[in-house]
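Participant: Dropping a structure here in structure tokens format, bear with me for questions.
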Amino acid sequence: MRYFLHPVASLALFLTPALIAPAWAGPGLKGPVAASVERVIDGDTVKMRARIWIDQELVISVRVAGIDAPELFRPKCAAEKARAREAKTFVENFLSSGEAVLRDVAYGKYAGRVVARIEAAGADLGEALVAEGLAVNGARGSWCAGA
């Protein structure tokens, strides 16, 4: 037995995802998105509570866009671990007011995480980390001697 959908029903099924998707759905969200700090995970990842709508908040991990900081949890050497602790402390101090703004928010490569620029008091966290020598621009920093 064959079943056919009425053309209007077919069109409705086709358009429904587009009609119910949020207006910002797509490759990213320009921002600004007001956020508060839940906790600093390491030098380039912060758990944040983003205010996405009136009385609507989302707690999510935010990876700082465009930089790489030393790894705190899987360092390749003792020097990287020490540098990672410095980076984490720097981020904690930078975000000590507890308030920040997210800009240029995009999907991260890992589920449950986004990538964004984080600003506090008008200053960019990624730029500040690089200026302090606690992160590098790009994908992979070399934190161990001879690496």
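A short reminder: the numbers here are calculations on the coordinates, not readings from a lab. Note that the structure is a prediction, hence the values are computed from the model and not measured. A quick note on method: Cβ atoms are made from the backbone with ideal geometry, for glycine too, and the neighbour counts reach across all protein chains shown.
Participant: If packing is taken as the average count of other Cβ atoms within 10 Å, what order do 118-125, 51-58 fall into, highest mean first? Present the calculation step by step, with values, prior to reporting the outcome.
Facilitator: Values: 118-125: 16.9, 51-58: 10.5.
In descending order of packing, they fall as 118-125, 51-58.
Participant: In which sequence would VAL37, VAL62, VAL101 go, from the one with the fewest C-beta neighbours within 10 Å to the one with the most?
Facilitator: VAL101, VAL37, VAL62
Participant: In whole Hz and in residue order, list the ³J(HN,Hα) couplings for the stretch 51-61 that follow from phi through the Karplus curve 6.51 cos²θ - 1.76 cosθ + 1.60, θ = phi - 60°; x for Gly and Pro.
Facilitator: 8, 8, 6, 4, 6, 10, 10, 9, 8, 8, 7
Participant: If you place +1 on the Cβ of every Lys and Arg, -1 on the Cβ of every Asp and Glu, and leave all else neutral, what size is the dipole of the stretch 34-120 about its Cα centre, to the nearest 20 Debye?
Facilitator: 300
Participant: Could you check the spin-label model distance between SER142 and ARG85? Points 7 Å from the Cα along Cα→Cβ, value in nm.
Facilitator: 2.5
Participant: From zero outward in steps of 5 Å, how is the percent of C-alpha pairs of the stretch 25-137 spread across the bins?
Facilitator: For the stretch 25-137, the pair-distance distribution reads 2, 13, 24, 26, 19, 10, 5, 2, 0, 0.
Participant: Contour minus end-to-end for TYR107 and GLU132, with contour as 0.36 nm per residue of separation and end-to-end as the Cα-Cα distance?
Facilitator: So the chain would gain 6.3 nm between TYR107 and GLU132.
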